[in-house]
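The values are calculated or read from the model by the stated rules, or taken from the named source; none is laboratory data. Keep in mind that what you see is a predicted model, and the values were worked out from it rather than measured. All Cβ positions, glycine included, derive from the backbone under ideal geometry; neighbour counts span all protein chains shown.
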Amino acid sequence: MDISKIERLFTYFIDWETKLVLAILLTVNTGVISQETTETGWTTLFNGKDLTGWTTKIHHYDVFDNYGDTFRVEDSIIKVRYDQYEGLFNDRFGHLYYDQPYSYFHLSMEYRFVGDLFPGAPDYTLLNSGVMFHSQDPRTMPKEQDWPISVEMQFLAGVEKGKVRPTGNMCSPGTDIFYQGALDPNHCVDSSSDTYFGDQWVKAELMVFGDSLVRHIINGKTVLEYSKPQMGGGVVNRYDPDIFKPGTPLKEGFIALQSEGQPIDFRNIKIRSLKGCMNPKAVNYKPYYIEPDPNSCEFR
């Protein structure tokens, strides 16, 4: 799909979201659940009780080993904590993967930084975390692979008053992206977001259109856009060489919450797939789909 078509669809999408907000307000005022709110396509990825549907991979440990109860659930929040760790951090970078891959999607969540950086964690991980997408399956990662081959929407918080530190940036472990029309040589690209201090909740959204356009949104404002995510670059170490094929477009992959030494909370994690049946005659047609999947169409 070309970028201009995506832009037109995105304009429509914003209109759809505005209508949805109005519908929700009407629902609250009347006490009636409208048909529109039940057909919005949003799926909650986190059940608020446990980590069912999620898989952990932490550097130095085998897949499924949630060392030290790093990722845990309390008060309907996914919490990243290190109080059960022994010794220094020792590069125990971890990720919690949702078990279903996605290609065209709109992801929404809230995060907040809490507590202190764990001793021995790199300085750059202070008030630093993120969400990975288009990631390789954690089951394909060797025990000593440090980062997944993926693209990251990086979350940062301010450290010094008066010093800008945007959030919603892009980082690219084992990947490359095109930024402002050219292949970008940098591992990370800053967004235009405001700087957020303290432990406030921040809403982060990702709109991903396969291997074409990616849009980062912070507290309702688009702060970064880029395109053509693909394998390449550096940073990732000790991966399976059969997995890494530079130049390969990243059309889909897994979504993962990050742990890299800084305690953080995540909540209200939901996704809307933008790929599906686009035939209006089908019973499962949805107006917000932007990528057709004819095989999914269902007819009476």
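Tabulated values for the structure
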{"read-out": "Count - residues of the range 41-68 that are farther than 20 Å from residue 109 by Cβ and either part of a loop (DSSP other than H, G, I, E, B) or touching a residue at least 40 places away in the same chain (Cβ under 8 Å) (or both)", "value": "8"}
{"read-out": "Any hit, the range 157-165, residues being of a type in the set (Asp, Glu), in the same structural domain as residue 190 (by TED's automatic domain parsing), part of a loop (DSSP other than H, G, I, E, B) and more than 22 Å from residue 55 (Cβ to Cβ)", "value": "yes"}
{"read-out": "Test: residue in the range 99-114 that is over 20 Å from the mean Cα position of the chain (by Cα) and closer than 26 Å to residue 53 by Cβ", "value": "no"}
{"read-out": "Failed item in (1) polar (S, T, N, Q); (2) in contact with a strand residue (DSSP E or B) (Cβ under 7 Å, 6 or more places away or on another chain); (3) surrounded by fewer than 20 Cβ atoms within 10 Å (Cβ to Cβ), with residue 84 passing the rest", "value": "(2)"}
{"read-out": "Test: residue in the range 93-111 that is of a type in the set (D, E, K, R) and surrounded by 23 or more Cβ atoms within 10 Å (Cβ to Cβ)", "value": "no"}
{"read-out": "Search result, residues across the range 129-146 that are buried (at least 24 other Cβ atoms within 10 Å of the Cβ) and either in a loop (DSSP other than H, G, I, E, B) or free of Cβ contacts under 8 Å to residues at least 24 places away in the same chain (or both)", "value": "136, 141"}
{"read-out": "Number of positions in the range 147-168 that are over 19 Å from the mean Cα position of the chain (by Cα) and surrounded by 16 or more Cβ atoms within 10 Å (Cβ to Cβ)", "value": "2"}
{"read-out": "Selection within the range 169-206 - surrounded by 17 or more Cβ atoms within 10 Å (Cβ to Cβ) and in a strand (DSSP E or B)", "value": "169, 170, 171, 175, 176, 177, 179, 189, 202, 204, 205, 206"}
{"read-out": "First in the range 282-293 and not assigned by TED's automatic domain parsing to the domain that holds residue 207, second anywhere and small (Gly, Ala, Ser) and assigned to a loop (DSSP other than H, G, I, E, B), Cβ under 9 Å, 6 or more apart", "value": "286/41; 288/41; 289/41; 291/103; 291/210"}
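Quick grid of which residues meet (1) among the polar types (S, T, N, Q); (2) farther than 16 Å from residue 256 by Cβ:
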site	(1), (2)
48	no, yes
51	no, no
60	no, yes
76	yes, yes
89	no, yes
93	no, no
98	no, no
116	no, yes
122	no, yes
